[in-house]
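Accompanying notes for the structure given below.
The values are calculated or read from the model by the stated rules, or taken from the named source; none is laboratory data. Note that the coordinates shown come from a computational prediction; the quantities given were computed from them, not determined experimentally. Cβ placement follows ideal geometry from the backbone for every residue including glycine, while neighbour counts extend to all protein chains displayed.
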Amino acid sequence: MVSKSLIPIEDNRRTLAAQVVERIRQAILDQSLPPGSRINQYKLAEDLKVSLVPVREALKELEAEGLVSITPRRGAFVTEISFDDLDELYYARRLLEGEAIALACRRLTDSDFITLAEMIETMKASTDQGAIHPFMQQNRAFHMHIYSAADNRYLYQIIENLWERSELYRYRYMFVLRNADVIHREHSEILNACRAGDAERGRQLIHEHIWHTRNGIHAHLVNDFSQPAADANQET
């Protein structure tokens, strides 16, 4: 499938490599480069007005994030989405983020609680305005602020990588799946558990929060995967 043209690189304030990674990542998330599609590296370089070197470096980085698969002698492909991948990904997130919040509950400060409460209010404003992209960034910042308090850089890095991989699903499905009020309520309950220093409650709430999202995405994937078959039946 031919990709849409990407906007050329113009901003010199950041390194070229970082900009190329960001542009290709965004094209994958908004499905300008659809799941399963072969990535034409020459076309990307032409669209971005860069050489092949930063494109190839970017694809290696995106492979590490799980957004791209590189096969020798075949090339680079956007990672497919599937039920099995979704289940494995969210199961791993559930386990690791549960441990991270349990550790964080013992270390978060009053200053952290003020910051987290402000983040929740900012997220509410974004959902009220239907601002999807800002909400997703704020949602991620809320969770990562908590996990950073676990004070375990290896655990944090793994969770960050899993979140990058999750974006392939979350970017497309979050707002059509879940009521914003439910998300905000769950965030508030998570914050209350952290304030109370209740590690077990925090772990339980994070488990439920992540699994609710997984269940919603799963239901939407069922609809997505069944739609082509329904369309084909109508044509016959």
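Would you pick out the residues in the range 95-115 that are β-branched (Val, Ile, Thr), part of a helix (DSSP H, G or I) and without any contact (Cβ under 8 Å) to a residue 60 or more places away in the chain?
Taking the range 95-115 as the starting set, the residues that turn out to be β-branched (Val, Ile, Thr) are 101, 109, 114-115.
Restricting the remaining residues to those that are part of a helix (DSSP H, G or I) gives 101, 114-115.
Those that are β-branched (Val, Ile, Thr), part of a helix (DSSP H, G or I) and without any contact (Cβ under 8 Å) to a residue 60 or more places away in the chain: Ile114, Thr115.
Quick one: which residue in Ala150, Ala141 is at pLDDT 95 or above, under 27 Å from Pro35 (Cβ atoms) and of a type in the set (Gly, Ala, Ser)? Talk me through it step by step, then tell me what you get.
On the way: Ala150 fails: under 27 Å from Pro35 (Cβ atoms).
When all the criteria are applied, what remains is Ala141.
Taking Ala92 as meeting all but one of (1) modelled with pLDDT of 95 or more; (2) part of a helix (DSSP H, G or I); (3) farther than 15 Å from Arg165 by Cα, write down the number of the exception.
Condition (3) is where Ala92 drops out.
I need every pair where a residue in the range 64-92 that is without any contact (Cβ under 8 Å) to a residue 24 or more places away in the chain has its Cβ under 6 Å from the Cβ of a residue that is part of a strand (DSSP E or B), sequence separation at least 6 or different chains.
Here the result reads Ser69/Phe77; Ile70/Ala76, each pair linking the range 64-92 to a residue that is part of a strand (DSSP E or B).
If you go through the range 62-85 one residue at a time, how many are part of a helix (DSSP H, G or I) and surrounded by 18 or more Cβ atoms within 10 Å (Cβ to Cβ)? Explain how you work it out, then say what you get.
First, the residues of the range 62-85 that are part of a helix (DSSP H, G or I): 62-65, 83-85.
The next check asks that each one be surrounded by 18 or more Cβ atoms within 10 Å (Cβ to Cβ); those that pass are 62, 65.
Total satisfying the criteria: 2.
Kindly provide the set of residues from the range 177-226 that are among the small types (Gly, Ala, Ser) and assigned to a helix (DSSP H, G or I), ordered by number.
If the condition is that a residue be among the small types (Gly, Ala, Ser) and assigned to a helix (DSSP H, G or I), then Ala180, Ser188, Ala193, Ala199, Gly202, Gly216, Ala219, Ser226 are the ones that fit.
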